[in-house]
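Just so it is clear, none of the values below were taken in a lab; they were calculated from the coordinates. Keep in mind that this is a model prediction, so the values were computed, not measured. FYI the Cβ positions are ideal-geometry reconstructions off the backbone, even for glycines, and counts take in every protein chain you see.
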Number of protein chains: 6
Amino acid sequence: MERIAIFPGSFDPITCGHEDIINRAVPLFDKIIVSIGRNEDKKNYFTIDQRLGFLKTVFAGNIKIEIDTYEGLTVDYCRKVGANYILRGLRTSADFEFERSIGQVNKKLYPEIETIFLLTHPEYTSLNSSVVRDILRHGGNVSQFIPEGLSLGLGF
Amino acid sequence: MERIAIFPGSFDPITCGHEDIINRAVPLFDKIIVSIGRNEDKKNYFTIDQRLGFLKTVFAGNIKIEIDTYEGLTVDYCRKVGANYILRGLRTSADFEFERSIGQVNKKLYPEIETIFLLTHPEYTSLNSSVVRDILRHGGNVSQFIPEGLSLGLGF
Amino acid sequence: MERIAIFPGSFDPITCGHEDIINRAVPLFDKIIVSIGRNEDKKNYFTIDQRLGFLKTVFAGNIKIEIDTYEGLTVDYCRKVGANYILRGLRTSADFEFERSIGQVNKKLYPEIETIFLLTHPEYTSLNSSVVRDILRHGGNVSQFIPEGLSLGLGF
Amino acid sequence: MERIAIFPGSFDPITCGHEDIINRAVPLFDKIIVSIGRNEDKKNYFTIDQRLGFLKTVFAGNIKIEIDTYEGLTVDYCRKVGANYILRGLRTSADFEFERSIGQVNKKLYPEIETIFLLTHPEYTSLNSSVVRDILRHGGNVSQFIPEGLSLGLGF
Amino acid sequence: MERIAIFPGSFDPITCGHEDIINRAVPLFDKIIVSIGRNEDKKNYFTIDQRLGFLKTVFAGNIKIEIDTYEGLTVDYCRKVGANYILRGLRTSADFEFERSIGQVNKKLYPEIETIFLLTHPEYTSLNSSVVRDILRHGGNVSQFIPEGLSLGLGF
Amino acid sequence: MERIAIFPGSFDPITCGHEDIINRAVPLFDKIIVSIGRNEDKKNYFTIDQRLGFLKTVFAGNIKIEIDTYEGLTVDYCRKVGANYILRGLRTSADFEFERSIGQVNKKLYPEIETIFLLTHPEYTSLNSSVVRDILRHGGNVSQFIPEGLSLGLGF
């Protein structure tokens with residue numbers, strides 16, 4: 001049986017932390033689908049097309065990684081694309097308690113799914129998309145927080 | 001002196017976790033008032049009348065449990081109804097830190113009040129009303145997360 | 001049915017924190033048994049007789065409080081003395097995770113038991129018996145950490 | 001080299017907790033700039049002028065404390081005013097994880113900055129501006145939570 | 001490249017929690033080596049031979065699972081047996097902080113290793129070998145905490 | 001008034017994490033006394049003379065840093081040497097809860113003392129002396145975990 005994982009998120013924008021977890025997980029799976037959860041209620045900093053573009057740029061050339069978007073429950077999307085694993089990174093104990101809750105509910109909704117966690121690299125523990133957006137809003141330089149070579153189209 | 005507790009909350013909607021804590025606390029108190037805090041600023045998923053209806057259905061027949069609503073500070077409501085205890089469930093350490101803060105402030109505002117905590121059943125650790133609403137929004141089935149026999153009037 | 005709680009511990013020695021939780025819980029129960037768990041493997045600072053003496057001194061005159069000792073599993077002791085509640089104080093989130101584990105295991109061993117938690121007074125959050133022993137070992141003054149009027153027989 | 005710290009915040013309104021940390025840190029620094037971060041996106045309870053007024057009242061007469069406001073990234077403001085330290089209080093482990101993330105990102109953006117933490121007094125562990133605003137909204141009395149002698153202009 | 005994981009531990013004794021994590025991880029790996037870390041300094045409840053016997057009984061018939069013991073650093077053992085993954089279960093946030101520390105140090109000592117975490121089933125959150133030993137010491141019944149059908153040779 | 005801090009610890013052995021905190025705190029204080037708490041009850045890996053030697057080597061040439069040892073309560077030592085600050089690093093939320101307890105007790109025993117915390121560098125979050133000792137015991141290489149150029153006299 002193929003080992004297919006999804007890595008769900010908003011990726012608004014993708015950070016070095018996301019990139020690191022996904023690249024380190026590649027050998028473990030036959031395919032990783034990095035998929036943007038569309039959420040109409042949430043105001044995003046970057047449009048869905050911009051975020052898709054960032055992901056495609058960062059993972060171009062990696063044949064085991066696919067880029068996608070989805071709506072609705074994550075477990076329903078897993079069923080649809082045949083994924084049996086959800087991949088997540090863990091940074092802090094607050095992170096852990098949040099992810100544990102989501103992971104346990106997902107397993108109740110879809111018992112075949114398994115959430116697999118990797119540890120975030122220590123250097124990226126303090127990093128998330130919200131921090132990057134906050135710096136962007138104030139005109140700061142985020143180049144050390146986003147994947148190398150990625151241009152957010154904002155002059156960086 | 002009578003042991004009267006309130007169990008305050010939004011109950012939007014009531015979950016198995018709420019139901020379990022309240023039922024297990026019944027022998028400890030002479031009366032438990034399950035009371036919905038009305039908060040004009042907060043947008044709710046279910047109306048106050050729907051939520052009241054759910055509570056009345058779930059606890060029908062239990063003569064030690066009353067259903068009510070209140071506005072304003074919880075401690076002022078306790079004074080008004082003669083409650084000397086606030087009942088709460090604890091699921092996670094994030095929960096605990098949140099509840100400790102509220103409990104300590106309540107005690108400063110009303111030194112006679114005592115907050116009493118029970119442990120949430122392990123099976124319900126990941127469960128809260130927000131999880132239930134999120135699944136409802138995406139058309140998922142929440143029957144395993146809400147009290148047995150309760151219909152949310154949404155086809156479940 | 002009578003509401004009987006045990007408050008188990010080593011009480012080596014009793015601190016202001018223990019005293020505060022027990023006194024605040026008195027109105028909630030018909031009887032509270034403050035009971036020292038005898039543990040041969042653990043080296044204690046005060047003898048069992050000294051610790052019993054401290055407890056008897058502190059709670060003398062309170063007819064709802066009994067002092068006792070026990071060996072073996074706490075839940076077996078609860079069954080023996082007819083207690084349906086275990087009373088505990090919560091200070092920190094580390095405390096909470098420790099107590100949750102014990103509480104859940106106790107409930108699996110004896111489903112009729114309910115662990116009831118009260119919040120430690122903020123002033124006593126940093127206090128425990130180990131802190132008191134550590135200060136005693138170094139010749140410090142612990143009078144502000146132990147019940148008023150209690151003499152540990154050490155010149156304080 | 002002068003030791004200049006900023007204590008950034010919303011101060012909506014200042015609490016006893018803020019006041020206590022700042023006063024205890026005065027001997028450590030040559031100057032402390034208590035500075036309100038202006039954030040257009042955030043709806044505040046008190047206007048910027050009211051909040052400035054509260055700060056000036058509370059710290060009047062302390063020649064080592066300056067009151068100011070700023071916009072943009074905190075580290076850019078530190079550079080501008082020549083501050084090499086950011087002063088913060090720590091109350092809970094949730095606090096700590098939040099502050100650690102901000103402190104680590106600030107150090108990546110401005111390696112010369114050092115965040116210095118003091119422990120909040122136990123009595124103020126549960127206290128923050130949001131608690132005070134919540135009590136105010138419900139017509140409660142906040143006098144025990146704000147600096148002595150401060151009038152919020154609301155009848156307290 | 002083969003995906004080989006080790007699941008290191010004392011297994012003194014194996015619990016339902018260990019068994020559950022290992023069985024759920026089987027589809028993810030080509031081989032899982034469940035290996036007892038020999039530690040001369042630590043006093044164990046069961047002998048190494050007893051613990052090996054328990055593991056062999058529980059995983060008999062699963063051709064993807066091997067049972068072994070090792071001495072020295074876990075990463076040195078991984079190198080020796082060609083394992084590129086360390087498998088661990090996560091129960092609580094205290095667990096997480098402990099495992100994160102070990103996982104980060106292991107990665108510094110052996111950058112090719114990846115620690116993979118699964119969530120413990122909610123029912124087993126409070127369970128660990130130390131709890132089982134404690135119940136055994138007091139003559140309690142541990143059958144609900146250890147793998148079904150396992151006899152600890154103690155009358156259970 | 002002079003700003004004198006002590007940095008107390010076992011330093012068994014000193015790690016990169018200790019060195020980093022102390023060096024970053026030097027500009028904040030007029031003097032930092034790095035002092036080894038002698039504890040007869042605790043079995044150490046390195047002798048007190050070896051540990052003193054390591055500290056002297058690492059901080060040689062820094063005229064603001066003194067090396068010392070002490071017995072008894074830390075606050076009594078502070079009084080003796082005229083220190084008004086205790087310096088500590090914070091790595092994790094478990095760390096924080098432990099340090100908060102010690103800091104609050106110290107302040108109750110000696111109200112003039114202030115504990116000052118700095119954030120550990122992310123790279124050293126998982127590092128402590130116990131990790132270093134564990135690697136040494138198993139014959140591993142600890143050079144990346146201890147101050148550059150320090151020889152532990154063990155062939156590294």
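Below is a table of values for the structure above.
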| read-out | value |
| --- | --- |
| Segment F:4-137 - Rg (one decimal) and Dmax (whole number), Cα, Å | 14.2, 41 |
| 7 Å along Cα→Cβ, label-point gaps from D:GLU123 to other copies, nm, shortest first | 0.9, 4.4, 4.7, 4.7, 5.0 |
| Amide H partners (placed H, <5 Å) of A:TYR70, local residues excluded | A:ILE36, A:GLY37, A:ARG38 |
| Antiparallel %, DSSP beta bridges [both residues in the protein assembly as shown], to 5 | 0 |
| Per-copy distances of the C:GLU71 label point, shortest first, in nm (7 angstrom along Cα→Cβ) | 3.8, 3.8, 6.3, 6.9, 7.6 |
| Sequence-separation-based contact order of segment B:4-137, relative, with Cα cut under 8 Å and 6+ spacing, percent | 34 |
| Centroid-to-centroid separation of segment B:35-75 and segment F:41-102 [C-alpha atoms, Å] | 55 |
| Nearest-20 debye value, the protein assembly as shown charge dipole, Cβ charges on Lys, Arg, Asp, Glu | 0 |
| Amide H partners (placed H, <5 Å) of D:GLU114, local residues excluded | D:TYR85, D:ILE86 |
| Only Lys, Arg (+1) and Asp, Glu (-1) charged, at Cβ; segment F:4-137 dipole about Cα centre in debye | 60 |
| Peptide F:68-78 - average C-beta neighbours from other chains (10 Å radius) | 2 |
| For the E-to-C rotation axis, chain E residue with nearest beta carbon and its distance in angstrom | E:ALA94, 4 |
| For chain F, built as a Gaussian network whose Cα springs stay under 10 Å, the top-fluctuating residue of F:GLU40, F:GLU99, F:GLU114 | F:GLU40 |
| Residues B:VAL105, F:VAL26, sorted so that the one with the fewest Cβ neighbours within 10 Å comes first | F:VAL26, B:VAL105 |
| Of D:LYS31/D:LYS80; B:LYS42/D:LYS42; B:LYS43/B:LYS107, pairs whose Cα-Cα distance is over 21 Å | B:LYS43/B:LYS107 |
| Packing-based ranking, highest mean first, of C:117-126, F:137-146, E:30-39 given that Cβ atoms within 10 Å are counted | C:117-126, E:30-39, F:137-146 |
| Copies compared at A:GLU112 - label distances in nm, ascending, label defined 7 Å from Cα in the Cβ direction | 3.5, 4.5, 6.0, 6.0, 7.2 |
| Estimated vicinal HN-Hα couplings, Hz - segment B:130-146 in sequence order (Karplus 6.51, -1.76, 1.60; Gly, Pro = x) | 5, 4, 4, 4, 5, 5, 4, 4, 9, x, x, 9, 9, 4, 6, 9, 10 |
| Average projection area in nm² (convex hull over Cα atoms of segment F:81-136, one quarter of hull surface) | 5.0 |
| Set of segment D:56-94 residues, backbone N closer than 12 Å to the point 7 Å along the Cα-Cβ line of A:SER143 | none |
| Taking the convex hull of Cα positions in segment B:70-109, its mean projected area over all directions (nm²) | 3.1 |
| Nearest-ten-degree value, helix D:48-59 long axis tilted from longest Cα axis of chain D | 80 |
| Expected 222 nm ellipticity per residue - DSSP helices of 4 or more, -39500 (n - 2.57), all of chain F, to 500 | -11000 deg cm²/dmol |
| Kirkwood hydrodynamic radius of the protein assembly as shown, Cα pairs, Å | 30.3 |
